[in-house]
Amino acid sequence: MMKKFGVTILALVIISGIFIVWNFNSTDEPEASVFYVPNAGDGTISVVDPMKEETIETISLGTSQASHGIAISIDGKKLFTGTGFDGKSLVVIDTETKEVEKEIPFDAGVHGIDISNDGQYLYVTLMNGLGQGEGTVAIFTIDNMEKIAEVKTGGGPAHIAVTPDGSQVWIANVNGNTIAIMDAKDNQIIKMIDVGKVPNEVALSPDGQFAFVANVESDFVSVIDTNQMEIIKTIQAGDAPHGVTVSPDGTEAWVANNDSNDVSVIDIKTFEVKATIPTGSYANHIAFSQDGEWAYVTNRDSNDVVKIDAVNREVTGSIPVGAGPHEITLEDYYSKP
């Protein structure tokens, strides 16, 4: 009798153990296993599973546009997007429920969005469009979404980058043909740097030594020494360089070229283009996976995201999304500590 009882208990323990292991392994994947893409042309956000290579959900903002920029909190629980030049509002979305937590209206369109490295502050660029005057960057506390400052940047602020040490915020001014550098402590502009025509995006190397600026109408990338705050090199890219990012290991800058429908890969040691990778129609923005093995490029006209083997320089897949896709939240995961 005791032997039978013991065998029964042992069997229950084994079955329970198997259930616990199965249950643990079947939990939801971490939020970093998906990324989000704002579709500026139809007012939606695509939730993309890069492993499945498919859009698994679409979030509607209820407007005809979405902001070009997007950001996600460090814990992955809050998504920050906007309703572009249509709704002119910042939208905070709960990534679990996909519901809007808060919406903040403005008098100008919401374009670029980024967060501070410590996850405490949100930076939002406000402008009226290409060639339409000035603009500002609004700064919010992320815990309660209180606006603490609004700073004039000097001519149509588009996209934003925060230095690796968190001390500065770099802003690309598409109407002013400049990069504005803001001190993150007192939110004051400390330097304006003239670059090419229509600088849409700026990206910083992980060591903080260089900034790379994609100048859409000049067809080149400006390389800025961040210590000297001066341009040290201009690199001819493809036609209409629009998006730019730096690989997680800091060895390469990748540039998405709108009109040549490709990506230029720049060696950061030599500042030379060492590869050109064809993508879809109107290559827009780029982001890397956390391990740097994959690069993802949004294509505005073909309405997809291509997955690129970053080592072999080959497109391995195409993921359909909404109309006019722009930035990708993956960049936030590897650029923040």
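Quick look at the values:
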quantity	calculated
Strands (runs of 3 or more DSSP E) fully within the range 128-195 counting 3 or more residues that are closer than 25 Å to F85 by Cα, out of contact with any Asp or Glu (no Cβ under 7 Å at 6 or more places or on another chain) and charged (D, E, K, R)	146-152
First in the range 75-88 and more than 12 Å from G129 (Cβ to Cβ), second anywhere and part of a strand (DSSP E or B) and of a type in the set (G, A, S), Cβ under 7 Å, 6 or more apart	F80/A71; G82/S89; T83/S89
Flag if T276 is part of a strand (DSSP E or B) and farther than 21 Å from H159 by Cβ	yes
Residues being touching a Leu at 6+ places or on another chain (Cβ under 9 Å) and either over 20 Å from Q65 (Cα atoms) or hydroxyl-bearing (S, T, Y) (or both) - total across the range 99-136	4
Residue satisfying condition, being buried (at least 18 other Cβ atoms within 10 Å of the Cβ), modelled with pLDDT of 95 or more and not small (G, A, S), within set I148, I139, I104	I139
Answer residue from the range 48-62, given it is free of Cβ contacts under 8 Å to residues at least 40 places away in the same chain and within 20 Å of T97 (Cβ to Cβ) and is farthest from the chain's Cα centre (by Cα) among those	G62
Complete set of residues in the range 248-258 that are within 19 Å of T234 (Cα to Cα) and surrounded by fewer than 19 Cβ atoms within 10 Å (Cβ to Cβ)	G250, T251
Scope the range 58-72; condition of a type outside the set (S, T, N, Q) and not in a loop (DSSP other than H, G, I, E, B); matching residues	I59, A71, I72
Cβ pairs under 7 Å, 6+ apart, first in the range 282-310 and touching a residue at least 40 places away in the same chain (Cβ under 8 Å), second buried (at least 22 other Cβ atoms within 10 Å of the Cβ) and of a type in the set (D, E)	H285/E327; A287/E331
Some residue of the range 21-40 being farther than 29 Å from A203 by Cβ, of a type in the set (V, I, T), modelled with pLDDT under 95 and surrounded by 10 or more Cβ atoms within 10 Å (Cβ to Cβ)	yes
Qualifying residue in the range 268-289 (condition: more than 26 Å from M192 (Cβ to Cβ), aliphatic (A, V, I, L, M) and touching a His at 6+ places or on another chain (Cβ under 8 Å))	yes
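The values are calculated or read from the model by the stated rules, or taken from the named source; none is laboratory data. Only a predicted model underlies this, so the values are computations on that prediction, with no experimental measurement involved. Note that we place each Cβ from the backbone using ideal geometry, even for glycine, and neighbour counts take in every protein chain shown.
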